[in-house]
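This report refers to the structure that appears directly beneath it.
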């Protein structure tokens with residue numbers, strides 16, 4: 001099983017960077033709107049919806065020091081509100097480290 005957005009094709013990315021066409025999937029227009037808003041708010045993270053879960057993957061993997069403080073490279077939450085809350089926790093970790 002691949003990771004979200006991996007070459008295995010298991011990840012369905014509904015948002016996109018410039019030049020990247022969104023993939024057809026089963027996300028609703030509301031989910032696509034929320035996904036785009038979250039991507040715009042957290043540009044250091046790739047956001048996607050897969051198998052009913054909302055995933056965030058940090059574009060730049062955390063350093064060992066960041067990992068020791070609780071920084072995650074990738075995580076999933078059941079919905080967009082929970083994902084945003086978790087992303088805010090991650091930003092708080094960086095802020096406390098002086099890296100935000």
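The values are calculated or read from the model by the stated rules, or taken from the named source; none is laboratory data. Note that the structure is predicted; figures quoted are calculated from it, not measured. So basically every Cβ, Gly included, is an ideal-geometry build from the backbone, and we count neighbours across all protein chains shown.
Could you grab me the full set of residues in region 39-49 that are in contact with a strand residue (DSSP E or B) (Cβ under 9 Å, 6 or more places away or on another chain) and surrounded by fewer than 18 Cβ atoms within 10 Å (Cβ to Cβ)? Break it down stepwise before answering.
Quick first cut of region 39-49, residues in contact with a strand residue (DSSP E or B) (Cβ under 9 Å, 6 or more places away or on another chain) only: 39, 42, 44-49.
Correct list: 44 only.
With respect to residue 43, is the statement that it is at pLDDT 90 or above and in a loop (DSSP other than H, G, I, E, B) true?
yes
If a residue has to be outside any helix (DSSP H, G or I), free of Cβ contacts under 8 Å to residues at least 24 places away in the same chain and under 14 Å from residue 34 (Cβ atoms) to count, how many in region 72-100 make the cut?
Count: 0.
I need every pair where a residue in region 58-71 that is farther than 20 Å from residue 38 by Cβ has its Cβ under 8 Å from the Cβ of a residue that is at pLDDT below 95 and assigned to a loop (DSSP other than H, G, I, E, B), sequence separation at least 6 or different chains.
Listed pairs, sorted by first residue: 66/99.
Could you list, in sequence order, all residues of region 51-64 that are part of a strand (DSSP E or B) and buried (at least 18 other Cβ atoms within 10 Å of the Cβ)?
54, 55, 56, 57, 58
Being over 19 Å from residue 73 (Cα atoms) and at pLDDT below 50: is that true of residue 21 here?
Values: over 19 Å from residue 73 (Cα atoms): yes; at pLDDT below 50: yes.
Here the answer is yes, as residue 21 does meet what is asked.
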